[in-house]
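Read the figures in this text as sums done on the coordinates, not as results from a lab. Here the structure is a predicted model, which is why all the values come from computation and not from measurement. Using ideal geometry, Cβ is built from the backbone for each residue, glycine included, and neighbour counts are taken over all protein chains shown.
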Amino acid sequence: MSSMFPVKVQGAEVRKRGKTLVGPVDLELQGEGVSIVIGPNGSGKTSLLKMLHGIVRLREGSVTWSCPREEAQHCQGFVFQTPVMLRRTVLENLTYPLRLLKVPRAEARDQAAQWATRIGLGDAAERQATVLSGGERQKLALARALIRQPELLFLDEPCASLDGRAIREIEDILQAVAQDGTRIIMSTHDMGQARRLANEVIFMLHGKVHEFSPAEVFFSKAATPQARAFLNGDIVE
Ligand SMILES: Nc1ncnc2c1ncn2[C@@H]1O[C@H](COP(=O)(O)OP(=O)(O)OP(=O)(O)O)[C@@H](O)[C@H]1O
């Protein structure tokens, strides 16, 4: 059990130019497992992740971790939908976060090499990250986040537009680190992926948490007609 959990979200709302992107949200998350955030386009999935991670300003309400906010943030990683790579090699991209943490150069290179191998980029370690394919880039972004051993990892649609093989490789890594105790909160459009990974589901609609339940409950008997329609593949407005 991580020391930053539970996290309590109370009446939290993010607005931009008078428009509510997400909220008000009331939610309490515990320190174990994989939470999958699903919902129609524009329902507030990304905004919810950013709100939890504390990288957008709250207009109302609060997000309260069980430790000081800076401490919680320090133990979190975030993988964005379209990650920005350093214009350097794969290895340097992996070494960089460790060097920021003052890990000695040799040890940082060792760990970076291990991660490069783990994500299937061992042979590409000296290649420029900017020339990688979409799937390779996303695996590198994931490794770059995980190399810091975050207690909690946010992922925003990490597999959007990737092929089956890259998706499987990313899911394998996520399942392995989740097994080792890394808390994961991830949005996805892919219902198969949601079923494969989720321990609990946060179903967003119109910027609000419409349903929050254990995965087996959500997928077998979702409580609301909107969630059932969404699972059916119907258009939900
Ligand atoms: N910077 C912004 N300025 C204004 N509106 C925004 C901004 N970012 C997001 N929005 C709007 O806020 C709402 C929630 O967006 P958000 O990206 O959180 O939803 P989402 O569920 O992640 O969408 P998608 O599935 O399309 O990625 C949408 O209506 C979106 O158009």
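Here are some notes:
- Each Lys and Arg Cβ is given +1 and each Asp and Glu Cβ -1; about its Cα centre, the chain then shows a dipole of about 780 debye.
- Helix-only CD estimate at 222 nm, as mean residue ellipticity for the chain, using -39500 (n - 2.57) per DSSP H run (n ≥ 4): -11000 deg cm²/dmol
- Neighbourhood charge, 15 Å Cβ-Cβ cut-off, centred on Leu162 and excluding it, Lys, Arg +1 and Asp, Glu -1: -3
- Neighbour-count ranking [beta-carbon atoms within 10 angstrom, fewest first] of Glu60, Glu126: Glu126, Glu60
- Taking every DSSP bridge with both residues inside the chain, close to 50 percent are antiparallel.
- Given R0 = 30 Å, the distance between the Cβ atoms of Gln149 and Ser220 translates into a calculated FRET efficiency of 0.30.
- Exposure proxy shown here: for Met51, Met85, Met4, the number of other Cβ atoms within 10 Å sets the order, fewest to most, as Met85, Met4, Met51.
- Of His74, His53, His206, the residue with the greatest mean-square motion in the GNM of the chain, using alpha carbon springs below 10 Å, is His74.
- Cβ-defined net charge surrounding Leu98, 13 Å radius [Lys, Arg +1; Asp, Glu -1]: +3
- Taking a straight Cα-Cα cut-off under 25 Å and skipping sequence neighbours fewer than 8 places away in the same chain, the lysines within cross-link reach of Lys50 are Lys8, Lys16, Lys19, Lys139, Lys208.
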